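As structure tokens, the structure follows; a few thoughts come after it.
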Amino acid sequence: MADNATVQDAAHQEHARMWDERYAERDQHWSGQPNHSLVVEAGDLTPGTALDVGCGEGADAIWLARQGWTVTGLDISKVAVGRAEQAANEAGADIEWIAGDLTEGVVGDREFDLVALHYPAIPKEDADATVKALMDATAPGGTLLVVGHDFEGSEHGRQHAEERGFDPNDYVQPPDVAAALGEGWVIAKHESRPREMPEDFQGPAVPDVVLRARRAAEPG
């Protein structure tokens with residue numbers, strides 16, 4: 001019988017394959033513009049080190065680098081990371097790119113001043129490990145920013161997702177992360193608000209759920 005680590009590794013490989021195939025379906029999957037929530041929430045932060053988890057084709061990471069951050073972009077899809085690296089080269093942005101899963105220790109024991117995760121597609125069965133990895137990657141005094149879709153706040157959002165084979169209840173959402181933040185964390189924002197959509201976006205306008213939390217600085 002396969003042990004838990006082997007089963008988990010196989011699941012991650014399947015997840016990566018699925019996303020590689022999804023990205024390969026079209027030349028560009030996302031708008032190429034940074035998420036508005038990142039611009040709003042990171043705009044008042046002093047640039048330091050940043051980890052963009054689920055970086056996709058790199059727009060958020062490139063925007064952070066242009067603001068003076070030292071950025072690491074991470075995505076489970078090698079196809080996405082390849083596109084992100086190409087986009088960064090064209091933009092003249094110096095960014096470290098990693099293809100892999102945060103829970104597998106691909107960033108080592110490094111801690112970042114900002115850890116950002118937008119619209120995650122992380123299965124609920126990986127919730128505990130993923131949330132722990134996000135928290136561990138956030139440096140003392142650093143910011144954890146998790147943004148998801150508020151499907152309950154959109155008349156057609158959940159229906160649209162389910163028609164595409166995506167049940168939001170099967171995936172980690174910002175409230176799941178908020179519930180895990182205990183002593184040593186201060187939640188600055190946990191709210192639903194309208195999402196500013198790219199001009200060419202097609203589909204229902206689903207509001208954002210924004211979770212911004214600060215990890216307490218170490219004493220002394």
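No value in this document is a laboratory result; all are computed from the given coordinates. Here the structure is a predicted model, which is why all the values come from computation and not from measurement. Note: ideal-geometry Cβ built from the backbone for every residue, glycine included; neighbour counts use all protein chains shown.
The distance from the alpha carbon centre of region 36-96 to that of region 101-125 is 14 Å, rounded to a whole number. Which aspartates and glutamates, if any, have their Cα less than 12 Å from the Cα of Lys124, not counting same-chain residues under 8 positions apart? The qualifying aspartates and glutamates are Asp167, Asp170, Asp176. Between Lys78 and Glu183, the FRET efficiency from the beta-carbon distance, with R0 = 45 Å, is close to 0.75. Candidate cross-link partners of Lys78 among the lysines, defined by an alpha-carbon separation under 20 Å and a same-chain spacing of 8 or more, are absent. Listed by chain and number, the lysines whose alpha-carbon sits under 20 Å from that of Lys189, ignoring those within fewer than 8 places in the same chain, are Lys132. In terms of packing, defined here as the mean over residues of other Cβ atoms within 10 angstrom, the peptides 142-151, 38-47 line up highest first as 142-151, 38-47. Per-residue packing, averaged as other Cβ atoms within 10 Å, sorts the ranges 168-180, 11-23, 66-78 into the order 66-78, 168-180, 11-23, beginning with the highest.
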